[in-house]
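Chemist: Pasting a structure below so you can have a look.
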Amino acid sequence: MSSFKFDKLGLESAIDEGAEFIPLMTSEDEEEMEKEETPESLPILPLRNTVLFPGVVIPITVGRDKSISLIQDANKGDKNIGVISQTDDTVEDPNKEQLFEVGTVARILKIFKMPDGNTTAIIQGKKRFRLNEITEFEPYIRATVEKYDVSKVPKDAKFNALVHSIKDMALRIIEQSPNIPSEASFAIKNIESNSFLINFIASNMNAEVYQKQEVLKETSCRRRAQILLRLLSKDLKLLELKNDIQSKVKTDIDKQQKEYFLNQQMKQIQEELGGTPQDLEIKEFEKRSKKKKWSKVVKERFEKELAKLQRMHSASAEYSVQLNYVETLLDLPWNDVSKDKFDLKEAKRILDRDHFGLKDVKERIIEHLAVLKLKGNMKSPILCLYGPPGVGKTSLGTSVAEAIGRKYVRMSLGGLRDEAEIRGHRKTYIGAMPGRILQNLKKVKTSNPVFVLDEIDKVGNSYQGDPSSALLEVLDPEQNGTFNDNFIELDYDLSKILFIATANSLATIQPALRDRMEMIEINGYTVEEKIQIAKKHLIPKLIRESGLTAKQISIPEKAIETICDEYTRESGVRTLEKRLGKVVRFAAKSIALEEEYDTSISIEKLYEILGPRYSKDKYQGNDVAGVVTGLAWTSVGGDILFIETSLSKGKGRLTLTGNLGDVMKESATIALEYIKSHHEEFVIKSEAFENWNVHLHVPEGATPKDGPSAGITMLTAIISAFTQRKVKKNLAMTGEITLRGRVLPVGGIKEKILAAKRAGIKKIIMSASNEKDILEIDKSYLKGLKFIYVKEMNEVIDQALLKTKVDNARTI
């Protein structure tokens, strides 16, 4: 790539005609040229691929009929023309929009015919002009123009240094480029005018037309120099890189020639010994292909790709790509499937052995097996188990696989951002591979495993695509029989796979994806269930992993219950397992150190081993007016929260604190407005709202809180504060309110009930519409709880507040 475009032949022709045609401008010459008046109208010569700068002489070959007429007419007249570059060099007859705004007044110095028949003109730029309106298009373009003022050339040292840098860089480019004649460096060294030097170098540098036009259009000489320096710097780097590459290529070619001769000699030796490694590899592939259970389409594709591989040279770059593709076709299980077990009683026993509870999931697996046993063949269901962490969603996959006699594979989707992870890469890319779905099938070597898609709610997306959209095809029973991986480029049947997806929250799963899956909710465990899980599963597993025997440690039920109550705050059993692990390790340490210890862990010893306990969210009594217990749902299960209301003298302002979200703030506003409009029903004077400020706070301010389910709790708390009435003991509530005073249903009922039980709550107020949710819950969860169903806010107040007032009640 030549950095300066000196047309050596054209210039020499011009020189032969007379040296005065290519003068080197001085500052005085430039000043004289600038003083010349800009004509009001000029014939316009459009240039396709160059830009003319003031003072610079360039040869141009004229080919268009209009341009030839213009040059000939102008040469007969005052020889002045307007030269302006086209924005699009493919346009034959440009209009104003297809020409740049700024051009150069030029003088025709010489016209002559070239040996090939073309007309060549030598023109010199004089001064810049701005294009106004085109007045004529025939026989050539003529337009009105106006003077384009530019600033004077700076004389300071900083500008001189800038020009010196430009000159040095231009000389370095000439030195490194083999295509530029050495005369160019003499010309640059002999230019005295800084302004002309910038124009001369800008005219001849290797740059796009729009970049040169940027230099021409700039009115400040200093900024013009800065733009030019930036373009020259980029050009020099590219030139250095090109020279470096050419040097390396020459070395590589010499090396490749040597390797070629050695490879040819090696090939001859291998043929004498009985064939090349490539031939042996091909034979091995053919042998393996005969054992594959694949369709006619796949077989034909494999044979075609194998023949293509056979024709390739093993040293070529494409060989490794083709080899990888053929091996992948052979490694995939295609129609290889494992045989299902149809012993439903044994399957149920395995599921019960490994997991306590999870009734709905177990029933669905047994139903699937029953239909499969009767029909012999059916599309596998796509299940999605959702619920809080630590309830056994992921580990259930291994039990299901064992129960039905299939291979097990797990794929974590958490943080997945690239669509190619699901669908694979195009095989033309370097390092291309199939998607992780097919990669996992290669590992398990069957086409019908139990496939767990873990954390499907945590799939991300980025500029590389949306993986959750790619999963739509994978998890659709109507589509996944012909799943198309970008790498394989053949339909693959995923319909035999039993997909089990797991999620903590459905909110972040794409609606279309959610619709394709069969949702099964797995809720948190009660303390009683956790004790059974600990006894049957966790403790035996921890004793086994610690190298102990059952005789060396015993953890009584009371100790397990204490751990559940005082050392865990979760719906699942992960933290429980960690705490039990610490207790078991205490026994292991005592045995290793030969210390005496009691094999049956007492409550006192438990406190000593585990240290400080959680400060539990327990019911805190009803001694203070304006404090009401609410129920909340979190991603790790249910929890209780306290709504605190305080009144202070003021002008009726409502203040909300406790890191509340917008929905929760709106609930508080609705509650207060409802009370104001129905104050007579609650025996509250209307003046109270004007004379008292209401401050509503939800403790644990560092934790963000949002949602509508605290609506009735807030309303009850505000009424209690204004009336100073006591709240009934051991009472909690959850429900959304409206401005009309209706109580609407909310979600997360089971988690909230478990939280209420843990906190010692006895009565729960909720919307009558939530009664159906209570009926779906196992009765063991509801033991010791009384439910009060309400439709209107008046009912909540009647059920929640006592007629008696708190001690030391204030007068509001």
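The values are calculated or read from the model by the stated rules, or taken from the named source; none is laboratory data. Here the structure is a predicted model, which means the values were calculated and not measured. Reconstructed Cβ throughout: ideal geometry from the backbone, glycine too, with neighbour counts over all protein chains shown. Only protein heavy atoms, including side chains, enter the accessible area calculation; ligands, DNA and RNA are left aside. Shrake-Rupley method; radii C 1.70, N 1.55, O 1.52, S 1.80 Å.
Chemist: Per residue of the range 528-540, in order, report the coupling 6.51 cos²θ - 1.76 cosθ + 1.60 (Karplus, θ = phi - 60°) as ³J(HN,Hα) in whole Hz, putting x for Gly and Pro.
Modeler: 4, 5, 4, 4, 5, 4, 4, 5, 8, 10, 5, 5, x
Chemist: Compute for the range 498-615: radius of gyration divided by Kirkwood radius, i.e. Rg/Rh, restricted to C-alpha atoms, rounded to two decimals.
Modeler: 1.12
Chemist: List the relative contact order of the range 62-158 as a percent without decimals, with contacts defined as Cα pairs under 8 Å and 6+ residues apart. Numbers along the way, then the final one.
Modeler: Numbers: 143 pairs, mean separation 22.9, N = 97.
Averaging sequence separation for qualifying contacts and normalising by length gives 24 percent for the range 62-158.
Chemist: With a point put 7 Å past each Cα toward its Cβ, work out how far TYR260 is from SER648 in nm, to one decimal.
Modeler: Result: 9.0 nm between the two label points.
Chemist: VAL743's amide H: which non-local residues (gap 5+, or another chain) put their own amide H closer than 5 Å, with H modeled 1.01 Å from N in plane and none for Pro or chain starts?
Modeler: It is GLU792, MET793, by chain and number.
Chemist: Return the sequence-ordered ³J(HN,Hα) values of the range 330-343 in whole Hz as given by the Karplus equation 6.51 cos²θ - 1.76 cosθ + 1.60 applied to θ = phi - 60°, using x for Gly and Pro.
Modeler: Computed from phi, the couplings for the range 330-343 are 6, 6, 5, x, 6, 9, 7, 10, 7, 7, 6, 8, 10, 7 Hz.
Chemist: Show that you can apply the helix-only estimate: for the chain, add -39,500 (n - 2.57) for every DSSP H stretch of four or more residues, divide by all residues, and state [θ] at 222 nm to the nearest 500.
Modeler: Theoretical 222 nm ellipticity from helices: -13500 deg cm²/dmol.
Chemist: Per Stokes-Einstein, at 37 °C and 0.692 mPa s, what whole-number D in µm² s⁻¹ belongs to the range 192-307, with the Kirkwood radius over Cα pairs as the hydrodynamic radius? Mind dumping the intermediate values first?
Modeler: Working: Rh = 20.7 Å.
D, rounded to a whole number, is 158 µm²/s.
Chemist: Related question: Compute the signed sum of charges (Lys and Arg +1, Asp and Glu -1) over the other residues within less than 12 Å, Cβ to Cβ, of LEU647.
Modeler: Details: positive: LYS649, ARG653, ARG810; negative: GLU644.
Local charge sum for LEU647: +2.
Chemist: Also: Please give the helix 221-273 orientation as an angle from the longest Cα principal axis of the chain, in degrees from 0 to 90, rounded to the nearest 10.
Modeler: The answer is roughly 80 degrees.
Chemist: A further question on this structure: Label VAL663 and LYS605 with points 7 Å out from Cα along Cα→Cβ: what is the distance between them in nm?
Modeler: Distance between the two pseudo-spin positions: 4.8 nm.
Chemist: Can you run phi through the Karplus equation (6.51, -1.76, 1.60; θ = phi - 60°) for the range 286-298 and list ³J(HN,Hα) in whole Hz, with x for Gly and Pro?
Modeler: Each residue of the range 286-298 in turn: 5, 5, 5, 5, 5, 8, 7, 9, 10, 6, 4, 4, 5 Hz.
Chemist: Lysines near LYS651 by alpha-carbon distance under 20 Å, same-chain residues fewer than 8 away left out - which ones?
Modeler: Partners within reach: LYS665, LYS676, LYS685.
Chemist: For the range 63-222, list log₁₀ I(q)/I(0) at each q in 0.11, 0.12 Å⁻¹, using the Debye formula over Cα point scatterers of equal strength and ignoring solvent, two decimals each.
Modeler: -0.56, -0.66
Chemist: May I have the count of lysine pairs in the range 421-557 with C-alpha atoms under 21 Å apart, counting pairs 8 or more residues apart or located on different chains?
Modeler: Taking the Cα cut-off of 21 Å, the pair count is 9.
Chemist: Relative to the compact globular guide of 2.2 N^0.38 Å, what is the alpha carbon radius of gyration of the chain, as a ratio?
Modeler: Cα Rg divided by the expected 2.2 N^0.38 Å: 1.52.
Chemist: Percent of accessible area on the chain owned by carbon and sulfur, 1.4 Å probe?
Modeler: Working: 20540 of 41260 Å².
Summing carbon and sulfur atoms, their accessible area is 50 percent of the total for the chain.
Chemist: So, by mean Cβ neighbours within 10 angstrom, what's the order for 117-127, 706-716, 390-400, 746-756 with the highest one leading? Walk me through the numbers before you get to the answer.
Modeler: Details: 117-127: 19.0, 706-716: 25.3, 390-400: 21.5, 746-756: 23.5.
Highest-to-lowest ranking by the protection proxy: 706-716, 746-756, 390-400, 117-127.
Chemist: Could you check the simple spin-label distance between ARG130 and ASP491, using points 7 Å along Cα→Cβ, in nm with one decimal?
Modeler: 6.6
Chemist: With a Förster radius of 60 Å, plug the Cβ-Cβ distance of GLN98 and PHE342 into 1/(1 + (r/R0)^6) and report the FRET value to the nearest 0.05. If you can, show how the numbers build up before the last one.
Modeler: Details: r = 77 Å, r/R0 = 1.29.
My answer for the efficiency is 0.20.
Chemist: Return the Cα extents of the range 379-524 along principal axes one, two and three, sorted largest first, each rounded to a whole Å.
Modeler: So the extents along the principal axes, rounded to whole Å, are 48, 36, 26.
Chemist: Something else now. Please state the relative contact order of the chain as a whole percent: Cα pairs under 8 Å, 6+ residues apart? Intermediate values should be presented prior to the final figure.
Modeler: Values: 1398 pairs, mean separation 61.6, N = 812.
Relative contact order here is 8 percent.
Chemist: Once the mean 1/r over all distinct Cα pairs of the range 396-435 is inverted, what Kirkwood radius in angstroms do you read off? Walk me through the numbers before you get to the answer.
Modeler: On the way: mean 1/r = 0.0803 Å⁻¹.
The answer is 12.5 Å.
Chemist: Could you work out how far helix 344-354 tilts from the main Cα principal axis of the chain, as a 0 to 90 degree angle to the nearest 10?
Modeler: Between the helix axis and the principal axis of the chain, the angle is about 90 degrees.
Chemist: Still on this structure: Accessible area per residue for the chain in Å², computed with a 1.4 Å probe and the full protein assembly in place, what is it? If you can, show how the numbers build up before the last one.
Modeler: Values: 41260 Å² over 812 residues.
Each residue of the chain exposes 51 Å² on average to a 1.4 Å probe.
Chemist: So who's got an amide H within less than 5 Å of the one on PHE499, skipping anything under 5 residues away but keeping other chains? H placed 1.01 Å off N, in plane.
Modeler: LEU383, PHE451
Chemist: Could you tell me the relative contact order of the range 155-270? Use alpha-carbon pairs under 8 Å, at least six residues apart, and round to a whole percent. Walk me through the numbers before you get to the answer.
Modeler: Details: 54 pairs, mean separation 35.0, N = 116.
Reported as a whole number, the value is 30 percent.
Chemist: Leaving ligands, DNA and RNA out of it, rank ASP65, ASP235, ASP336, ASP343 by accessible area with a 1.4 Å probe, largest first.
Modeler: Values: ASP65 125, ASP235 10, ASP336 40, ASP343 85 Å².
Sorted by accessible area, descending: ASP65, ASP343, ASP336, ASP235.
Chemist: Another question, then. Could you tally the net charge around GLU240, taking each other residue with its Cβ under 14 Å from the Cβ of GLU240, Lys/Arg +1 and Asp/Glu -1?
Modeler: +2
Chemist: Within the range 281-387, which chymotrypsin sites (Phe, Trp or Tyr not before Pro) sit in a loop by DSSP and count at most 16 neighbouring Cβ atoms inside 10 Å?
Modeler: Values: sites: PHE285, TRP294, PHE302, TYR319, TYR325, TRP334, PHE342, PHE356, TYR386; in loops: TRP294, TRP334, PHE342, PHE356.
Those satisfying the criteria are PHE342.
Chemist: Over the alpha-carbon set of the range 489-562, divide Rg by the Kirkwood Rh and report the Rg/Rh ratio to two decimals.
Modeler: Expressed as Rg/Rh, it is 1.21.
Chemist: What are the GluC sites (Glu not before Pro) within the range 406-507 that DSSP puts in a loop, where the Cβ has at most 15 other Cβ atoms within 10 Å?
Modeler: Details: sites: GLU419, GLU421, GLU455, GLU473, GLU478, GLU489; in loops: GLU419, GLU455, GLU478, GLU489.
For GluC sites (Glu not before Pro) across the range 406-507 that sit outside H, G, I, E and B with at most 15 neighbouring Cβ atoms in 10 Å, the list reads GLU478, GLU489.
Chemist: Out of the GluC sites (Glu not before Pro) in the range 766-797, which ones are loop residues according to DSSP with at most 13 other C-beta atoms within 10 Å? Working shown, then result.
Modeler: On the way: sites: GLU771, GLU776, GLU792, GLU795; in loops: GLU776.
Within the range 766-797, the qualifying GluC sites (Glu not before Pro) (loop, at most 13 other Cβ atoms within 10 Å) are GLU776.
Chemist: Moving on to the next point. In terms of Cα to Cα distance under 23 Å, which lysines are near enough to LYS113, apart from those fewer than 8 places away along the same chain?
Modeler: LYS5, LYS8, LYS66, LYS76, LYS79
Chemist: For a Förster distance of 35 Å, can you work out the FRET efficiency between the beta-carbons of GLU284 and GLN479, rounded to the nearest 0.05? Please list the in-between numbers first.
Modeler: Working: r = 35 Å, r/R0 = 1.01.
After rounding to 0.05, the efficiency reads 0.50.
Chemist: Please give the residues of the range 179-208, grouped as numeric ranges, whose backbone N is less than 12 Å from a label point set 7 Å along the Cα-to-Cβ vector of GLU34.
Modeler: 194-196
Chemist: SER193's amide H: which non-local residues (gap 5+, or another chain) put their own amide H closer than 5 Å, with H modeled 1.01 Å from N in plane and none for Pro or chain starts?
Modeler: Sorted by chain and number, the residues that satisfy this are SER27.
Chemist: Something else now. What does the charge add up to near SER767, with Lys and Arg as +1, Asp and Glu as -1, over the other residues with Cβ less than 13 Å from its Cβ?
Modeler: In short, -1.
Chemist: Let me see the pair-distance distribution of the range 433-478: every alpha carbon pair, 5 Å bin width, integer percents in order.
Modeler: In order of increasing distance, the bins hold 5, 15, 24, 29, 18, 7, 1 percent.
Chemist: For a quick protection proxy, order the peptides 347-354, 259-266 by their average other-Cβ count within 10 Å, most packed first. Mind showing how you got there, number by number?
Modeler: Values: 347-354: 17.1, 259-266: 10.5.
Ranking the peptides 347-354, 259-266 by packing returns 347-354, 259-266.
Chemist: With everything on Cα atoms, drop me the angle between helix 8-17 and the longest principal axis of the chain, reported from 0 to 90° to the nearest 10.
Modeler: 30
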